[in-house]
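Where a number appears in this text, it was derived from the coordinates with a stated rule and is not lab data. Treat the numbers as computed from the prediction; the structure is a model and nothing was measured. Virtual Cβ from ideal backbone geometry, glycine too; neighbours counted across all protein chains shown.
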Amino acid sequence: MPRQDIWVPYKDFDGKPLYKEQGCLIGDGNIGGKGKGLAFAFEHLVGSELEKDVVLPSKTYVVTTEIFYDFIRHNDMEWIYDEPDLDKINRAFSSGEIRPSLISELDKVIDAFWEAPIAIRSSSMLEDSHLLSFAGKYFTTFAANVFDRAWRMRELTDGIKAVWASLCNPAARAYRAKHGYTDRDEAMAVLVQPLMGKRREDFLQGGFFLASPLLRKGCAALGNTR
């Protein structure tokens, strides 16, 4: 039997308890639409006939919207909601200070995924809902499992900031406005997962596309990462 013995419609499903049960919830805010969708899939795949055909990540950590709001307040960045200059917003996120309490939580994430490259993914409150998709409007990035802890922490925190900053992407803003929402109606949670792929000796091989709103660059590749 699936973990969810009684069917709950997606719009009424609460995925937060699953991440809390697994010790993967950072903060006590909203987990976002993507986080909710992944939890919904997990609850209904585990124990079902389909489980053997689906490879699930070993863990998914969620940096909830509480952490996003705290970062905005701590760095006096409430002005971003009315700022049209995306470069200015990106610079503010990039240089903003992350609290030591979050660094402590992210240390656990690095420990959990030490042997695997990671994906750092958007999970906004409006994203992947039963009403709106926001497909392609927000940012996902990757971090390789190389070098020392300090390098990995920098890559992880930079990735989280880049995902947060993508809340203000022009395409996201236009999509929100089209459906009657403002920037203040939205907030960003972030998912951190091991990158899924096929191992080739000491490498994990997969195809991906990277486009950083902080670097304003992109690259497409079929690549290997240790």
What is the order of Ile72, Ile98, fewest Cβ neighbours within 10 Å to most? Ile98, Ile72
Can you pull the one-decimal nm distance between simple spin-label points at Thr182 and Asp107, each 7 Å off the Cα toward Cβ? 4.1 nm
Looking at this model, which pairs from Lys34/Lys59; Lys52/Lys161; Lys59/Lys88 are more than 26 angstrom apart at the alpha-carbon? Lys52/Lys161; Lys59/Lys88
Part-to-part distance (alpha-carbon centres) for the range 140-200 and the range 15-65, which is given in Å: 17 Å
For the range 92-202, give the magnitude of the charge dipole about the Cα centre (Cβ charges: +1 Lys/Arg, -1 Asp/Glu; no others), in debye to the nearest 20. 320 debye
Tell me which of Val63, Gly37, Leu50 sits at the most positive position along the dipole axis of the range 1-131, charges placed on C-beta atoms (Lys, Arg +1; Asp, Glu -1). Leu50
Bounding extents of the range 58-177 in its principal axis frame from Cα atoms, largest first in Å, are 41, 32, 22
